[in-house]
Amino acid sequence: DTEVTQTPKHLVMGMTNKKSLKCEQHMGHRAMYWYKQKAKKPPELMFVYSYEKLSINESVPSRFSPECPNSSLLNLHLHALQPEDSALYLCASSQDWAGASGETQYFGPGTRLLVL
Amino acid sequence: AQKITQTQPGMFVQEKEAVTLDCTYDTSDPSYGLFWYKQPSSGEMIFLIYQGSYDQQNATEGRYSLNFQKARKSANLVISASQLGDSAMYFCAMSSDYTGRRALTFGSGTRLQVQP
């Protein structure tokens with residue numbers, strides 16, 4: 001089973017709202033990732049968690065706040081977003097945080113976020 | 001720095017025919033991994049195939065094969081016997097253990113349309 005789940009599937013929020021995106025995997029993976037994908041563009045890395053510790057923050061604005069409460073769960077807390085933050089947010093996980101050794105990242109279905 | 005180039009924004013293929021999607025990459029790392037993902041309109045990124053830089057043989061997974069030419073730094077995806085369900089965006093991606101960026105760098109993608 002290579003399933004990564006994400007909720008909600010769709011989210012509409014105002015610029016003053018606070019919301020959270022949730023990602024869950026039960027494959028025993030120890031690395032989890034958040035990507036942002038704008039329309040007709042490839043995914044761009046936002047954050048990497050390895051063994052529940054934040055390992056990479058790609059200079060993401062502080063209005064995006066990641067959290068990894070345990071090895072199966074990854075959250076992305078959203079606050080005071082801008083309309084340009086509207087995008088597909090993808091979560092992924094891999095067995096370990098090691099690229100060249102073939103650690104495949106498995107993606108969830110994404111959350112389509114619209115900021116009004 | 002790593003870079004992935006996909007020069008075909010869009011491709012058409014007739015059902016049951018084979019199609020090749022091009023991917024070239026640039027890296028100075030000796031050890032890296034190359035991946036292909038499929039993204040239907042629903043948004044989920046589906047892992048298709050992986051090739052390690054030290055693998056001697058080209059990877060194959062069912063109807064998918066990866067034509068890996070290391071000296072030319074190319075990793076083309078070949079889909080045999082195309083099906084209507086293959087219509088999607090296809091991304092080539094790479095990762096490396098040595099750059100400190102153990103996450104995926106994606107190409108710009110190729111949109112494949114399979115015609116009946």
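Cβ separations smaller than 6 Å between residues 6+ apart or across chains give the following pairs from region A:58-69 residues that are in contact (Cβ under 8 Å) with a residue 12 or more places away in the chain to residues that are of a type in the set (Ser, Thr, Tyr): A:Cys68/A:Tyr49.
Wholly within region B:23-113, which strands (runs of 3 or more DSSP E) include no fewer than the required count, namely at least 3 residues that are more than 10 Å from every other protein chain (Cβ to nearest Cβ)?
So the answer is B:24-26, B:64-69, B:74-79.
All of A:Glu24, A:Glu84, A:Glu67 fail the test of being outside any strand (DSSP E or B) and away from chain B (no Cβ under 14 Å), apart from A:Glu84. If you go through region A:35-68 and pick out every residue that is acidic (Asp, Glu) and over 12 Å from the mean Cα position of the chain (by Cα), you end up with 2.
Laboratory data are not the source of any read-out in this text; all were calculated from the coordinates shown. Please read these numbers as outputs of a predicted model, since none were measured by experiment. For neighbour counting, all protein chains shown are included, and Cβ atoms are generated from backbone atoms with ideal geometry for every residue, glycine included.
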